[in-house]
Amino acid sequence: MSIQDQVGTLRRVYVRPPRAEDAAAWADYGWHDRPDPARADAEHAGLRRVLAEAGAEVIVGSTPVDGNPDAIYAYDPILMTDAGAIVLRPGKPGRRGEPSVDAGDLVTADITVAGELTEPAIAEGGDMFWLDRSTLLLGIGYRTNEAGLAQLRALLDPASVTVIAFDLPHLNGPDECLHLMSFISMLDRDLAVVYPPLMPVRLVQLLRERGIRSVEVPQTEFATMGPNVLALGPRVVLALEGNPETRRRMEAEGVTVHTYRGEEISLKGDGGPTCLTKPLARG
């Protein structure tokens, strides 16, 4: 088994439920609207239920990060490697308290901390994913910088991991979160779901060189996070409800699609199923 794998069968996953007392800070964190605490809680419970039904052990983080509604997006503060967790340093200043809290929860769950980024590095998990066990793809933008790239390369070099970086587009600027995984998710080792208009040319070329085919998300389903899909296993995925054409195209490629409801926890905060989960074990 290896966690340096984006699509192996999900065995163990870390999540952080929303807290009603954090909802008041929604505008400060760039959410589109105030989440309804009761509905958000029900949606997250539904997400956890789907993960458990898929066979994953669901580790629920309980240590609070006061006043931070983004803390539910557990993917961003940590990079999981076969050697353990690398504690990241978010580019969004309001999220700087999350990595130490999440790392503490993971240590309680018997996860080793293998390294930690330090200033001036910034890096968020949404800007990186494993193409294979020895290749990490990383986006350089407003949330992940060159210093973060350099420190990650130094931490991963002993494991012979190659980190390939791509410049991210400006799009709507630093006040909106555009991660590398905003426009690509792996569905299998040879298949990805992508939004082509935002793809760096070198990333498109790399996928072709590796023989990875693409399911293209239509423009009308980009804003509703059509490309944000969590692999529960090879060609078995969890997606946000409400992207019927993207779902149809994935199913046409033999992908089994499970969905969850996420008006409160996903659409209002721009965080889909990959953002809401931190896979801890696959295989």
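The values are calculated or read from the model by the stated rules, or taken from the named source; none is laboratory data. Note that this is a predicted model, so its numbers are computed, not measured. Virtual Cβ from ideal backbone geometry, glycine too; neighbours counted across all protein chains shown.
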For the range 83-94, which residues satisfy the criterion of being without any contact (Cβ under 8 Å) to a residue 40 or more places away in the chain and over 29 Å from Leu206 (Cβ atoms)?
Pro93
Sole miss for Thr108 among (1) in contact (Cβ under 8 Å) with a residue 12 or more places away in the chain; (2) hydroxyl-bearing (Ser, Thr, Tyr); (3) under 18 Å from Arg16 (Cβ atoms) is condition (1)
State yes or no: is Val101 over 24 Å from Asp132 (Cα atoms) and touching a His at 6+ places or on another chain (Cβ under 8 Å)?
no
Search result, residues across the range 114-171 that are closer than 13 Å to Thr81 by Cα, loosely packed, with under 13 Cβ neighbours inside 10 Å and without any contact (Cβ under 8 Å) to a residue 24 or more places away in the chain:
Asp157, Pro158
Any residue in the range 253-273 that is more than 15 Å from the chain's Cα centre (by Cα), part of a helix (DSSP H, G or I) and either farther than 22 Å from Asn68 by Cα or of a type in the set (Asp, Glu) (or both)?
yes
Output for the range 55-98, where each listed residue is of a type in the set (A, V, I, L, M), more than 18 Å from the chain's Cα centre (by Cα) and more than 18 Å from Met128 (Cα to Cα)
Val65
Residue selected from the range 181-222 under the condition charged (D, E, K, R) and touching a residue at least 60 places away in the same chain (Cβ under 8 Å), by the criterion nearest to Ile164 (Cα to Cα)
Arg210
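Results for (1) at pLDDT below 95; (2) part of a strand (DSSP E or B); (3) touching a His at 6+ places or on another chain (Cβ under 8 Å), shown as yes or no for each residue.
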position: Leu149; (1), (2), (3): no, no, no
position: Pro174; (1), (2), (3): yes, no, no
position: Leu187; (1), (2), (3): no, yes, no
position: Pro197; (1), (2), (3): no, no, no
position: Gln205; (1), (2), (3): no, no, no
position: Val215; (1), (2), (3): no, yes, no
position: Ala231; (1), (2), (3): no, yes, no
Take Glu245 and tell me if it is over 16 Å from Tyr195 (Cβ atoms) and assigned to a helix (DSSP H, G or I).
no
Just checking, how many residues over the range 102-115 are within 17 Å of Val65 (Cβ to Cβ) and not hydrophobic (A, V, I, L, M, F, W, C)?
4
Out of Arg143, Arg189, I need the residue that is more than 23 Å from Ile212 (Cα to Cα) and touching a strand residue (DSSP E or B) at 6+ places or on another chain (Cβ under 9 Å). Which one?
Arg143
I want to confirm something. Restricting to the range 1-35 and keeping residues that are part of a loop (DSSP other than H, G, I, E, B), surrounded by fewer than 16 Cβ atoms within 10 Å (Cβ to Cβ) and not hydroxyl-bearing (Ser, Thr, Tyr), which single residue is modelled with the lowest pLDDT?
Met1
Filter the range 88-127 down to the residues that are of a type in the set (A, V, I, L, M, F, W, C) and in contact with a Gly (Cβ under 7 Å, 6 or more places away or on another chain) and list them by number.
Leu88, Ile111, Val113, Ala114, Leu117, Ala121, Ile122, Ala123
